[in-house]
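Scroll down for the structure; my scribbles are underneath it.
The values are calculated or read from the model by the stated rules, or taken from the named source; none is laboratory data. None of these values were measured; they are calculated from a predicted model. All Cβ positions, glycine included, derive from the backbone under ideal geometry; neighbour counts span all protein chains shown. These area figures cover heavy atoms from the full protein model, side chains too; ligands, DNA and RNA do not enter into them. Shrake-Rupley method; radii C 1.70, N 1.55, O 1.52, S 1.80 Å.
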Amino acid sequence: MTVLAPPVEERVELLDRIWEERPGVLGWLTTVDHKRIGLLFFFTSLAFFAAGGVEALVIRTQLAGPDQRLVGPQTFNELMTMHGTTMIFLFVVPMGLGAFGNYLVPLMLGARDLAFPRLNALSYWIFLASGLFIYTGLFVGQGPDQGWFSYVPLALKQFDPSLGPDFYALGLIFNGLSTTATAINLVTTIFKLRAPGMSLNRLPLFCYAQLAAAGSALILLPPLTLDLVLLELQRKAGFHFFDVAAGGSPMLWQHLFWLFGHPEVYLIVLPAFGITTSIIPTFAKRKMVAAPLVALAELLVAFIGFGVWAHHMFSTGMPTSALVFFAAATFMVVIPSTVQIYAWLFTVNLGRPEFRTPLLFVGAFIVFFVIGGLSGIMFAAIPFDQATTDTYFVVAHFHFIIFGAAVFPILGGMFYWFPKVTGRMYHEGWAKASFWLTFSGTALTFFPMHIAGLLGMPRRVYTYPHGLGWDGYNLAETIGGFILTAGLVLIAANLVFSRLRGAPAGPNPFRGPTLEWATSSPPPPYNFAVIPTVRSEYPGWDDEALFEDRRRLERGLGTYPDGHRQPEATVRDAYPDDVADMPSESGWPVAVAVLLSLMFALTLTSHFVAAGVVAGLAGLAAAAWLWKEPAE
Amino acid sequence: MNVFAVPARRSRARGWWGMALFAATEATLFGTIFGTYVYLRFKAVHWPPDGIASPSITIPLVLTGVLLATSAPMQLASAAARSGRARRAQALLLLALVVQAGYFAMQLQRYADDVQAHPPQLSAYTSITQLMVGADHFHVFVGLLLNLFLLAKLMDGRVTAYRRTGVQAAALYWHVVNALTVVVVLLQLSPSL
Amino acid sequence: MTGTRSGAGRARRRLQLLLPLGLPLLATGCGRENLLDPASPQQHKIATLWWVMMGVAWFGLALIGFLLALGWLRRKREGLPGGGGDRVATALVVGLGVAAPIVSLSALFVWSDIFVMRATSAPNPSSTSLTVEVTGHQWWWEVRYPGTRAVTANEIHIPVGARVNLVGKTADVIHSFWIPKLNRKIDLIPGRTNRIVLEATRAGRFRGQCYEYCGLQHAHMGMEVVAESPARFRAWLANMAKDAAAPSTSMQRQGREAFLNEACSGCHQIRGTDAHARVGPDLTHVASRATIAALTLPNETGTLAGWIVDPQHDKPGARMPALDLQGPEVQALVAYLESLR
Ligand code: HEA
Ligand code: HEA
Ligand code: CUA
Ligand SMILES: [Cu+2]
């Protein structure tokens, strides 16, 4: 070391220059930075959450009392369908993978971006376009109105000649492209871009959850895509798949849909598991109990989830042997969840937990998940399912699990990573108040639904008569819904206000153990000035390693200062064996997404030749995009 | 300790993994198509329904064999790219492309005739069969474009890391498509076998 | 038999008193579609299944709540109460998270999915004494008694104590048939026939409705099972099998003319007249039914007239159009229909 290395500031400035993106709106349109794309996903899916929430509130207002006519049956059915479709496809999944996964996975891996940054941008623009596409239907008075699982024959042209089911089917095919792209990106990133030393057994549990979710997304989306393609071919081109007279079967739709649908619910909840397993060690200030079992459980739940789909079809009259098989599988799929629940609980019990807001949300998540999980198990008792299916008991089950178990960790995660993303602290007092409001609102909204269901209240009714004993419970649910909304608005207000006025947070306000806390808040475009070296499962608590990383920065090692670069590593041991040239910002993803939207719109309006031509143009745009090599 | 030394033999690049995952979801898509075919078949009393002749066997099997054979030049091209021999990779790609294009042209012709004779609007049998075969041909078509793109990229006779990964990924794509084609053809011909 | 059943009933009531979720249910008494107020041996088994599952579930939830509370109470202290560390905790995770569920769920599996399921599964037709065929339509139910000429809608009469073989079909989209107090539900799916046994142990009117979303008026697709003494049932069935009564007043005669001349006869059947269409419900004995339009309206003069004038008012989307009828014509139609007992 005779030559004096340039000072740290100079190195950092160099990286800043290399990784700088365009400012302004144009910058957002062409960005390939996973953090900015993650934020785009976040705000867009939040907007869809608000839309789905408003739909839910109209539904609840209509159902507050018997024989109400705030909206007519057509409007109600559209709102009900759009609520379910929005929440599942345009809110939780893009929120879990697109926002949280996108933003955090590279940071936790010690990487500078996702494996395919431009594909990531394309994924976002497709997501946005597909959401707008589906909502166009609602706004032009042709909203999907056949329920979120769109059973045939009701969704066939014969019974629904409007464009509603076409908006739904084409929109979801379109949307699936986005999820597929994100999933490929996340899996590849987790395989190839881990920091040196982060062998698979040191992979953070959050990333295991993301890996399981993204991996299952690649397998579960094809059945849905095929189902929707078959539906469109039958509706638009006169093919026969679902009509009995021509040799088709309406059961085909159901099998394909639930072959997608059940794994999808684990896709929804897995990112929430990941958030939980991030928050708990931080606030319990100790490592996870039974961490390998938890990682295994996360992978296993995604896997077993593919073998239980027919529990959504218990009353269709399948043969007894099939019923029993799927019931047994449903009992089995419970085990990974119980393992995780107890691992979380005992981690909290072993440590000295600090009950700050994120941990409160996680505690509520545990309670709600157990309630929803227990009612889920009851459905595996076939005769009970055959009694309660399609009643509000089912609505209670899945809202406890989806809202209580998937959304609560997301809310907790918003608080937990807020300092990282914004560099500022949220207001703890208001955050706790909003937690209790949301918590009690949720319980009041969804718990009485169990009872309404046991009293026979069917789901998807736009109104109900007086005298069946349902009135009081429905009123309570509606009141709860508004309390819950107040809690959510308070959360939003707190975060917006704290973004503007919050106290500076510093890089690691909670002493989190994962690598995202090892960089500044908010992280620079290249995430880490020096690619960290990992020597334990909790690198954020490994002060020695952190110190050494700082030393390496001083000596100029591992900063990859010649272009958009970062190491690529072996899959198992994360031994760096190549240097990846990452692409920089590009306008092509937006262009391709626009062309694809046009193609879907033309298909919707049955201009098939024109749609084919536009698809060709999209292919040309993709070729142009791929032509320029990242290193050039 | 210098953990950043780059060893001579690298593990699979991220581009290859991207293609592998993409191929996995495409294969799943075909898997569900096959499942649908089988499901509809076992619901039906007559398969194909009365009045539709069972498919003929010889030509499809021969064509499939030809397509399958192109896996060899693709794999060799991949190896050539890995060792940096651009011209050799290009020649092999071209060879594969010519055969694949010939295959595609013949299949397209046959497909058009078959759709004329047995339009998918006829019954569930024609619907699923034509969909399955059409989807397969479409994947061959995409593979042709992929090879064309790589040929163009290799024009200047250099193999960059990007192109190397591209050729490897394309080879993988073709292996998967060829394997799927075998299943497609066997299912398509199953009523006559 | 009755002894054991009331014993179980007593146990059930005790559970209801003990368990928080039971309280609100007691407070509402018995809702008309309350699945926990069984009127058949099959539903009785399902209800018992529920009460036991609920009891265990509350226990499980309490355990989780306890562990959470413990974490809060001991937040200042490290380790488990007994001083256990990671190894004890891992053992507990495996014990409570793997072993305990396997044991309890296996028991539940055997009980529910083998025994209870056998009791509620499709009946062997030879074990039943009567077959009723129900066909779902958007948005009403056609009811036939094979072997007789009886046809009716939305009202299924069965004799108390008999095992009735209920056969479910659909004429259009998927519907689902469920009488919460009598048995599980069956989906009515194109190209399929599903069956269920109805075995009412007491007389009464048991409300049910369509439980599979079937379009615009899924909310108004109710039906009722009327369980009555075998004698009354036989009388009812005999009446149903008859042709419509001939009109006896001039008003009724005018009504019949109107019915046959207007579009009505293009959709409805009245046996014994020239109206034979089967698009809408059979009206041969429409006046004998308690409700119209699948439990949407009570069957009274005013509501019937209102329905005929504008079916879309109370059931928007119903597959019966508002015909442009004159006041006197409506009165005559109502008079005629009300004579069809
Ligand atoms: C995030 C979403 C999510 C998740 C995670 C789950 C999880 C589960 N679900 Fe749920 N489910 C849905 C979302 C979800 N579900 C939705 C959206 C529907 C309705 C779709 C529609 O029709 O629109 C549905 C419907 C549904 C049905 C069909 C009901 C019907 O329509 O008739 C069934 C049937 O078996 C079922 C079962 C289960 C089971 C067994 C689990 C299990 O994975 C739960 C496991 C968890 C636990 C068990 C909690 C841990 C408990 C403890 C630690 C306590 C101790 C436990 C024991 C002693 C066992 N679900
Ligand atoms: C992720 C999934 C999800 C979520 C979160 C929710 C959330 C809610 N759901 Fe949803 N629901 C479904 C998925 C979901 N639901 C599905 C799949 C169905 C089945 C549909 C079908 O049958 O086809 C269904 C059906 C369903 C029904 C039954 C409809 C019927 O059968 O007729 C009801 C009835 O009460 C209901 C209510 C609610 C309520 C009150 C909420 C509340 O929790 C909502 C509260 C949220 C808000 C009020 C938004 C507030 C947002 C903010 C404050 C953010 C701020 C934003 C900005 C600043 C930009 N839902
Ligand atoms: Cu018929 Cu719902
Ligand atoms: Cu499921």
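Quick notes on this structure:
- Out of C:VAL116, C:VAL143, sole residue that is surrounded by 17 or more Cβ atoms within 10 Å (Cβ to Cβ), modelled with pLDDT under 95 and of a type outside the set (Ser, Thr, Tyr): C:VAL116
- Boolean, C:VAL151 is aliphatic (A, V, I, L, M), within 16 Å of ligand 3 (Cβ to nearest atom) and open to solvent by less than 30 Å² (accessible area, probe 1.4 Å): no
- Flag for C:GLY82 being more than 8 Å from chain A (Cβ to nearest Cβ) and either buried (at least 20 other Cβ atoms within 10 Å of the Cβ) or of a type in the set (Asp, Glu) (or both): no
- Contact map, the range C:263-282: first residue within 22 Å of C:VAL309 (Cβ to Cβ), second residue among the charged types (D, E, K, R) and assigned to a loop (DSSP other than H, G, I, E, B), Cβ cut-off under 8 Å, separation 6 or more or different chains; pairs are C:SER265/C:ASP274; C:HIS268/C:ASP282; C:GLN269/C:ARG278; C:GLN269/C:ASP282; C:ILE270/C:ASP282; C:VAL279/C:ARG319; C:GLY280/C:ARG319; C:ASP282/C:ARG271.
- Any chance C:ALA162 is buried (at least 24 other Cβ atoms within 10 Å of the Cβ), more than 13 Å from chain A (Cβ to nearest Cβ) and either among the basic types (Lys, Arg) or away from ligand 4 (no atom under 16 Å from the Cβ) (or both): no
- Of the helices (runs of 4 or more DSSP H) that lie entirely inside the range A:66-163, those containing 2 or more residues that are more than 11 Å from ligand 2 (Cβ to nearest atom) and buried (at least 24 other Cβ atoms within 10 Å of the Cβ) span A:102-109, A:117-139.
- Residues satisfying the stated conditions in the range A:137-193, i.e. closer than 22 Å to A:ALA601 by Cβ, among the hydroxyl-bearing types (Ser, Thr, Tyr) and in contact with a helix residue (DSSP H, G or I) (Cβ under 7 Å, 6 or more places away or on another chain): A:SER150, A:TYR168, A:SER178, A:THR179, A:THR180
- Among the conditions (1) open to solvent by less than 10 Å² (accessible area, probe 1.4 Å); (2) more than 16 Å from ligand 1 (Cβ to nearest atom); (3) among the aliphatic types (A, V, I, L, M); (4) within 13 Å of chain C (Cβ to nearest Cβ), the only one that A:ALA431 does not satisfy is (4).
- Candidates A:ILE219, A:ILE279, A:ILE275, A:ILE268, filtered to the one that is assigned to a helix (DSSP H, G or I), closer than 25 Å to A:VAL348 by Cβ and within 16 Å of ligand 4 (Cβ to nearest atom): A:ILE268
- Residue match in the range A:141-157 (condition: away from chain C (no Cβ under 14 Å), touching a residue at least 24 places away in the same chain (Cβ under 8 Å) and away from ligand 1 (no atom under 16 Å from the Cβ)): yes
- For the range B:127-165, the tally of residues that are modelled with pLDDT of 95 or more and farther than 19 Å from B:ALA101 by Cα stands at 6.
- Every listed requirement among (1) open to solvent by less than 10 Å² (accessible area, probe 1.4 Å); (2) facing chain A (nearest Cβ under 8 Å); (3) under 26 Å from C:HIS285 (Cα atoms) is met by C:ILE174 save one, (3).
- Residues (in contact (Cβ under 8 Å) with a residue 12 or more places away in the chain and either away from ligand 2 (no atom under 16 Å from the Cβ) or over 15 Å from A:MET449 (Cα atoms) (or both)) located in the range A:379-405: A:PHE379, A:ALA380, A:ALA381, A:ILE382, A:ASP385, A:GLN386, A:ALA405
- Filter pass, A:GLU13 being modelled with pLDDT under 95, open to solvent by 50 Å² or more (accessible area, probe 1.4 Å) and more than 18 Å from A:ALA272 (Cα to Cα): yes
- Residue in the range A:346-369 that is acidic (Asp, Glu) and away from ligand 3 (no atom under 16 Å from the Cβ) present: yes
- Options A:PHE355, A:PHE369, A:PHE398: the member that is within 27 Å of A:ALA433 (Cα to Cα), open to solvent by 30 Å² or more (accessible area, probe 1.4 Å) and within 10 Å of chain C (Cβ to nearest Cβ): A:PHE355
- Top-ranked residue of the range A:261-314 - restricted to ones that are small (Gly, Ala, Ser) and within 9 Å of ligand 1 (Cβ to nearest atom), ranked as surrounded by the fewest Cβ atoms within 10 Å (Cβ to Cβ): A:GLY261
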